[in-house]
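Input: a single structure, listed below in structure tokens.
The values are calculated or read from the model by the stated rules, or taken from the named source; none is laboratory data. All figures in this text were calculated on a predicted structure; none of them were measured in a lab. Every residue, glycine among them, receives a Cβ derived from its backbone with ideal geometry; neighbour counts consider all protein chains shown.
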Amino acid sequence: MDQLSALLVVKALDGLALRASAISQNVANASSPNYTPLRVNFEGQLRDAAKAGPEAVQHFQPQFVQDVSRAGQGGMRLDLELASASETALRYAALVDVLSRQMQISRLAATGGQ
């Protein structure tokens, strides 16, 4: 795996972990009046950073943003939050699997297949 790919996987894991945190906060505050849901939308920005090269990816930090389109509407759509949580967990697990397989390949190469 080249340097850029490894950085992208790590930053994507960071973004997904932050998204999972945002979702848990949204679920916890679902019945709070005037609560503004949090979102973490990082994929487009990470894609742009990738085009600029490894240094731009290394400096990229996913962030919480408030979903002002839902601000103060009361009543969070728990079904959508839970669906997003499930999708986030699946994507996270897939990326961890990619890293695990890459480590296996590297270990085999280092030990000569033994």
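Does any residue of the stretch 23-44 turn out to be out of contact with any strand residue (DSSP E or B) (no Cβ under 6 Å at 6 or more places or on another chain), within 24 Å of Ile105 (Cα to Cα) and modelled with pLDDT of 95 or more?
Checking the stretch 23-44: not a single residue is out of contact with any strand residue (DSSP E or B) (no Cβ under 6 Å at 6 or more places or on another chain), within 24 Å of Ile105 (Cα to Cα) and modelled with pLDDT of 95 or more.
Considering every residue within the stretch 65-77, establish whether at least one is modelled with pLDDT of 90 or more and farther than 30 Å from Ser32 by Cα.
no
Could you check the stretch 86-101 and list, in sequence order, the residues that are surrounded by 13 or more Cβ atoms within 10 Å (Cβ to Cβ) and of a type in the set (Ser, Thr, Tyr)?
Thr88, Tyr92
Taking Leu38 and the conditions (1) buried (at least 16 other Cβ atoms within 10 Å of the Cβ); (2) within 30 Å of Met103 (Cα to Cα); (3) in contact with a helix residue (DSSP H, G or I) (Cβ under 7 Å, 6 or more places away or on another chain); (4) aliphatic (A, V, I, L, M), which numbered condition does it fall short on, given that it satisfies the others?
(2)
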